[in-house]
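The values are calculated or read from the model by the stated rules, or taken from the named source; none is laboratory data. It should be emphasised that the depicted structure is a prediction, and the values quoted were computed from it without experimental measurement. All Cβ positions, glycine included, derive from the backbone under ideal geometry; neighbour counts span all protein chains shown. All accessible areas refer to the heavy atoms of the entire protein, side chains included, with ligands and DNA or RNA removed. Shrake-Rupley method; radii C 1.70, N 1.55, O 1.52, S 1.80 Å.
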Amino acid sequence: MGIFQLPFRKKSKKTNVELSNKSLTLVPDHVAIIMDGNGRWANERGLPRFAGHKEGMDNVKRIVKAANKHNISIITMYAFSTENWKRPKPEVDYLLKLPKEFLNTYLPELIEENVQIKTIGAFNLLPEHTKKAVQHAIEKTKANDGLILNIALNYGSRSELVHSVQSIANSVKEGNLDPSQIDESTIANSLYTYDLPDPDLLIRTSGEMRLSNFLLWQSAYTEFWFAKEYWPSFTEEIFEQALLDYQNRKRRFGGL
Ligand code: FPP
């Protein structure tokens, strides 16, 4: 079990930036992104799907830089879902090579920018080369206290909840926990995100409007923002538009 986390943390940060004649005065603490549309981006250009994923990988770096610039604390990127294993093997292999390629290319810059790398998901089931590259980056950036780049790898909310239930059931079986003691924090603290606040803003690109098994528990009170652009075309300016819209949302967390 991890650190105690309030289930409904209300946390945005004050800022003051002029963007396209509007002031950005409040940014979300934690932004989560479903990076959708790489395949369609490539298809529209007559390119193989891989080219879309590669361009999508480079866009992760651009958006991380923008998030850092705006003083966002955490950005969680959905890079590989538990359902993505169903894709043709060459695409799965390519997607699972991207974390290594991303880190080979950008780790020095990320270190310079004080970014800390984390992951959520069933890490042990990833190929050795993926795990090695990510573990190396986690180790190299663990002392950084800037933006957290949290990469969701082999992540799926339902499997996360299955693991959570199993770990809680084991605690009960071992006599360390009485069922009457189980509350929302027991569950929150047994998820992969046990040490992170819930996302304040969730963005999905490519015009699709669904959660696709991403952060189901954690997004109970998250603000959603949908972009019609495919992920490789999701620019810093569009990201800033999402931030500008977010600051006008009235977050009541079920209250008045
Ligand atoms: C969904 O688009 C995207 C993915 C399944 C992969 C997302 C991965 C990246 C953007 C790069 C990973 C980056 C790092 C840092 C590891 P899709 O292929 O489903 O697109 P489509 O719906 O248009 O086919």
Considering the stretch 212-232, residues that are open to solvent by less than 40 Å² (accessible area, probe 1.4 Å) and within 14 Å of the ligand (Cβ to nearest atom), and then whichever is farthest from Ser81 (Cα to Cα), we arrive at Ala227
Within the stretch 204-256, residues modelled with pLDDT under 95 and of a type in the set (A, V, I, L, M, F, W, C) come out as Phe253, Leu256
All but one of (1) in a helix (DSSP H, G or I); (2) over 15 Å from Gln218 (Cα atoms); (3) aliphatic (A, V, I, L, M); (4) open to solvent by 10 Å² or more (accessible area, probe 1.4 Å) hold for Ala143; state the number of the condition that does not hold. (1)
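Of all residues in the stretch 181-196, count the ones that are open to solvent by 40 Å² or more (accessible area, probe 1.4 Å) and over 16 Å from His163 (Cβ atoms).
The qualifying residues number 3.
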Please count how many residues of the stretch 233-244 are outside any helix (DSSP H, G or I) and open to solvent by 40 Å² or more (accessible area, probe 1.4 Å). 1
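Yes/no matrix, rows are residues, columns are (1) more than 11 Å from the ligand (Cβ to nearest atom); (2) aliphatic (A, V, I, L, M); (3) closer than 20 Å to Leu215 by Cβ:
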| position | (1), (2), (3) |
| --- | --- |
| Pro90 | yes, no, no |
| Lys100 | no, no, no |
| Ile120 | yes, yes, yes |
| Gln135 | yes, no, no |
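Determine whether Leu47 is touching a helix residue (DSSP H, G or I) at 6+ places or on another chain (Cβ under 6 Å), within 13 Å of the ligand (Cβ to nearest atom) and aliphatic (A, V, I, L, M).
Judged against the criteria, Leu47 is not a match.
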